[in-house]
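First up is the structure itself, then whatever we jot down about it.
Nothing in this text is a laboratory measurement; each read-out follows from the coordinates by a stated rule. None of these values were measured; they are calculated from a predicted model. Cβ coordinates were reconstructed from backbone atoms using ideal geometry, including for glycine residues, and neighbour counts include every protein chain displayed.
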Amino acid sequence: MASKNRCPACGSSQVRVTYPPDCLYENSGLTGVHLVGKGVAETACAACGDVTTTVLQEAQLQQVLGMAIVLGGAGITGEQLRYLRKLFDLTQDELAQAIGKGRRETVAEWESREQARLFRVPYDELGLRVVLISLFHARIMQSEFCCLSSRHRSAFDHAAGAFVEQAASFARQANCKTPVLRVRRQGPLADWAPAPGIAG
Ligand SMILES: [Zn+2]
């Protein structure tokens, strides 16, 4: 088994391993992904002069990036959608079926928008995001390809469950003619807080 303290090119052990503190992860196909800390090893060989850069635990990194996208704030972009589709090992056709668009061309057109947001209105994105969360769960969390730790998995379950619940309640309230919001302040020094029983 290859040691990380041997030169991948010549096998020499005269190597120096350093960890560049901030690397752009361009192989991901995503713009502006910075890998910081000790996730990238740079092996410089004194024998042959070879310098090799290795992203450590890359499969887990890719799944964690996917998780950050599906659970992230509004504004999913074309390149993020393409990243997720590849992570889920789906064709454009299969993804189109999964999100109820039916036509491969819709997904192809979305992906071609690269860094542009797919939806100008964040609310329009909710349905897509719910589907992406469930695909993530089906393809990553429950497959033999899962590289996430139990801590990752419970954080995902918690955040995804809360998101799906909120989205469902948001969708129910969207049709309401006279929405009522209750906010309460418990006492003279208390903070305002949403009160339970928000009427729809
Ligand atoms: Zn070498």
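In sequence order, what are the phi-derived ³J(HN,Hα) couplings for the stretch 83-91 according to the Karplus relation 6.51 cos²θ - 1.76 cosθ + 1.60 with θ = phi - 60°, rounded to whole Hz, with x for glycine and proline?
With coefficients 6.51, -1.76 and 1.60, one gets 4, 5, 4, 5, 4, 7, 6, 10, 7 Hz.
Which of Gly49, Gly102, Gly78 ends up with the largest GNM mean-square fluctuation for the chain, with Cα atoms connected below 10 Å?
Comparing Gly49, Gly102, Gly78 in the GNM, the peak value goes to Gly49.
Residue-wise, which Karplus ³J(HN,Hα) couplings in Hz belong to the stretch 45-56, taking 6.51 cos²θ - 1.76 cosθ + 1.60, θ = phi - 60°, and x for glycine or proline?
Going residue by residue, I get 9, 6, 6, 10, x, 5, 10, 10, 9, 10, 7, 7 Hz, with x marking Gly and Pro.
Name the most mobile residue of Ala74, Ala168, Ala46, meaning the one with the largest mean-square fluctuation, in a Gaussian network model of the chain with Cα contacts below 10 Å.
Fluctuation is largest for Ala46.
Using Cα centres only, tell me the gap between the stretch 98-115 and the stretch 31-92 in whole Å.
The stretch 98-115 and the stretch 31-92 have Cα centres separated by 22 Å.
Are there any trypsin sites (Lys or Arg not before Pro) in the stretch 1-92 that are in a DSSP loop and have at most 14 other Cβ atoms within 10 Å? List them by number.
Filter output for the stretch 1-92: Lys4, Lys38.
Can you work out the Karplus-derived ³J(HN,Hα) for every residue in the stretch 146-154? Use 6.51 cos²θ - 1.76 cosθ + 1.60 with θ = phi - 60°, whole Hz, and x for glycine or proline.
Couplings: 5, 10, 8, 7, 5, 5, 4, 5, 6 Hz.
When the Cα atoms of the chain are enclosed in a convex hull and the volume is divided per residue, what value in Å³ results? Working shown, then result.
Details: hull volume 37.7 nm³, N = 200.
Here the figure is 188 Å³ per residue.
Mean-square fluctuation check for the chain, GNM, Cα pairs under 10 Å: which of Pro188, Pro122, Pro20 is largest?
Pro188
Full-extension gain between Gln173 and Gln97, please, as 0.36 nm times their residue separation minus the C-alpha to C-alpha distance. Could you put the intermediate results ahead of the total?
Values: separation 76, 0.36 × 76 = 27.36 nm, distance 2.72 nm.
Gain on stretching Gln173 to Gln97: 24.6 nm.
Charges only on Cβ, +1 for Lys and Arg, -1 for Asp and Glu: so what's the dipole of the chain about the Cα centre, in debye to the nearest 20?
So the dipole magnitude of the chain works out to roughly 680 debye.
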